[in-house]
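The structure under discussion appears below in the form of structure tokens.
No value in this document is a laboratory result; all are computed from the given coordinates. Owing to the predicted nature of the structure, the values given are computational and were not obtained by experimental measurement. Positions of Cβ are generated from backbone atoms using ideal geometry, with glycine treated the same way; all protein chains shown enter the neighbour counts.
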Amino acid sequence: MSEGPLKSNLRAIRGRAYPRLIGSTREPSWFFFDVVLPLFTIAGYAYVYRFLEADAEFIGYVVLGGAMTAFWLNILWSMASQLYWEKEIGNLSLYLMAPTSRMAILAGMAVGGLVETTIQAAATVVVGVIAFDVIFSLGSPVTLIIVFAVTMIALYGMGMMFASLYLLLGREAYHLSSLMMEPIYFATGFYFPVRCLGFWAAAGASIIPVTLGLDAMRQLIFPAGADDAFLSVNTEIAVLCVLCVVFMVLARYALRYMEYLGKTTGRLTLRWQ
Amino acid sequence: MQHAVEIQSLTRVFRPKKKKEGKVVTALDSVDLRIDRGELFGVLGPNGAGKTTILKILSTLLLPTSGKAYVAGFDVAKDLLEVRKRINMVSGGEISGYGLLTVRENLWMFSQFYGLKSKEAHRRIDVLLDKFGLRDKDKEKVRTLSTGQRQKMNVIRGFVTNPEIIFLDEPTLGLDVNAARTVREFVVDWIREDRNRTVLLTTHYMMEADELCDRIAIIDDGKILACDTPDNLKKLVGMNSTLTLSVGGLNDISDFDSIPGIGNFSSTMDAGGNATTLRFILEDESSVSDIVSTVLGKGSKILSLQKTEPTLEDVFIKLVGRGLE
């Protein structure tokens, strides 16, 4: 058996991350669906900005935003919906029965999804930059890495929380995912600076970690980004750190509640319930 | 010695989310059960009898409404981690795992949730793949497997963690004869290797329960109706075994009445007059050798011999008042 809970949980994370990591190599069609197709949306916004003779960095915003949508889609369809899917195929009861932390299983899903999606997003950025001659001016790579890291931890923490909530909602969860696509694309400013929405609307949208993460990344990557910023980079990092803690704690509670409810009602492991 | 499984007055009630949506279902009703270490214990009952509910509670997936259940001495409602370290479960018709992973990758993945080192996990996977004749499939994607191959993989998943106690919920459901036999033979060998291992098997296949189990509990409507060895359960029916012999060259049947342990005896001559059919109702199974000796002692030839015993189905019908299917 195991040497200790830490190693045991790390093995569980590695085990659950594996199907996602290996999945991309088994299904090469991801390049078309996850990189090529989103380029059409990016191209649409890029040509609008060109037609309007907007500043060059706006096209950079679109490419960056287009790449970041991959993470949001991954949260909705591969994190939030995943436990519901696992229940349907019979894996959930095996996960719940295993002598490991449930958070480790969710973390494995998150790590696998994050790595898989980062590759997709990077490919989108590379293709977008080449196609639209985007010029980056990166002043502080370390700060950019910190922003990306806290954004992803907060975002995937949110996804881990959603995973349990979606399970409680059952089949209706798919409608929720659909509901959270276009409105969130708009509210988080994937394709334009979120400051345009006004302070309170942008503040409300900041509950989605991508909002602040994107805003901070724009400031760090594009020299003129600071003029379109919602908050300063340091403030955004601080808020994102708070969101990391909040979502992780909420994810843990949601998971415990889901498991308790499942054990008392039988809804999670008995298909007729 | 500590029991592998101990269940005390276990009751499980399922209530509908809204009162109007359905009725309250009592899946288990004050069930008491003790299973010793080293036992291959069967729970036999029709669909909806409560078999799976027992397993879900013992595997910490469901809480009892009332009563207690212990696995390896640990309370399934409180000592979750200790219970989970010691158990595993395999269900019939399971479609767990990921279709794009290979057989080996799937098995390795599940082993990681039990903290197994990769090297050890692969060693065990190799041994089990060989035993189940799946070695040549280890690099095949799971979605390409047949139903039988997939179920063999599921069984391997359950055993790869080397649990102290394994719960097998209809493990041969839907399998062809050969695959089912492979699974049954493996289970028997596995428990014989180490008498500290315990198997709790639910099934509605009478033959499977009879062939495999040291003891069987018959359950219906959430209640245990009887619990004993297969032979003792059959005695509940009050039916004796029957021995039927076809004998050639038999002219004298006078001695058969006096053989001890025979409840009843009849003989009929076949149409051609070449063979005699003798039918004995056996009160004592050991009288078979006396009957055979007597026939041979008369210089006759035994052409065929058939012993018919009461089945678990007879037991079930007697206890429940209907068949299992």
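Figures for the structure shown
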{"quantity": "For the range B:148-304, the spread of Cα positions along each principal axis, largest first, Å", "calculated": "64, 34, 30"}
{"quantity": "Added length on full extension, which subtracts the Cα-Cα distance from 0.36 nm per residue, B:E164 to B:I281", "calculated": "37.8 nm"}
{"quantity": "With Cα atoms, 0 to 90° folded angle of helix A:209-221 axis to chain A main axis", "calculated": "40 degrees"}
{"quantity": "Principal axis box of chain A, alpha-carbon based, largest edge first, Å", "calculated": "60, 39, 38"}
{"quantity": "Hits among lysines - C-alpha to C-alpha of B:K137 under 22 Å, sequence gap 8 or more where chains match", "calculated": "B:K119, B:K152"}
{"quantity": "Packing-based exposure ordering (other Cβ within 10 Å, fewest first) of A:K263, B:K223, B:K18", "calculated": "B:K18, B:K223, A:K263"}
{"quantity": "Per-pair calculated FRET efficiency, R0 = 22 Å: A:V36 and A:A122 via Cβ, rounded to 0.05", "calculated": "0.95"}
{"quantity": "Coordinate range along principal axes, alpha carbons of chain B, Å, largest first", "calculated": "72, 51, 43"}
{"quantity": "Two-decimal Rg/Rh across the protein assembly as shown, once Rg and the Kirkwood Rh are taken from alpha-carbon atoms", "calculated": "1.15"}
{"quantity": "DSSP beta bridge pairing in chain B, given as percent antiparallel to the nearest 5", "calculated": "70 percent"}
{"quantity": "DSSP bridge pairs, the protein assembly as shown: antiparallel proportion in percent, nearest 5", "calculated": "70 percent"}
{"quantity": "Whole-number D in µm²/s for the range A:12-93 (Stokes-Einstein; Kirkwood sum over Cα pairs; 37 °C, 0.692 mPa s)", "calculated": "216 µm²/s"}
{"quantity": "Estimated FRET transfer efficiency (A:S178, B:I317; beta-carbon r; R0 56 Å; 0.05)", "calculated": "0.55"}
{"quantity": "Expected 222 nm ellipticity per residue - DSSP helices of 4 or more, -39500 (n - 2.57), all of chain A, to 500", "calculated": "-24000 deg cm²/dmol"}
{"quantity": "Tail beyond 17 Å, pair distance distribution of the range B:241-309 (Cα, percent)", "calculated": "33 percent"}
{"quantity": "From phi via Karplus (6.51, -1.76, 1.60), per-residue ³J(HN,Hα) for the range B:256-268 in Hz, x at Gly/Pro", "calculated": "5, 4, 8, 6, x, x, 9, x, 7, 8, 9, 9, 9"}
{"quantity": "Approximate spin-label separation A:D133-A:I145, in nm, with each point projected 7 Å along Cα-to-Cβ", "calculated": "3.2 nm"}
{"quantity": "Residues B:D138, A:D34, B:D130 arranged by fewest to most Cβ contacts within 10 Å", "calculated": "B:D130, B:D138, A:D34"}
{"quantity": "Projected-area mean, the range B:94-215, by convex hull of Cα positions, square nanometres", "calculated": "7.2 nm²"}
{"quantity": "Fully extended contour minus Cα-Cα distance, from B:S267 to B:T244, at 0.36 nm per residue", "calculated": "7.3 nm"}
{"quantity": "Added length on full extension, which subtracts the Cα-Cα distance from 0.36 nm per residue, B:V292 to B:D130", "calculated": "53.9 nm"}
{"quantity": "Set of the range A:120-152 residues, backbone N closer than 11 Å to the point 7 Å along the Cα-Cβ line of A:R50", "calculated": "A:131-134"}
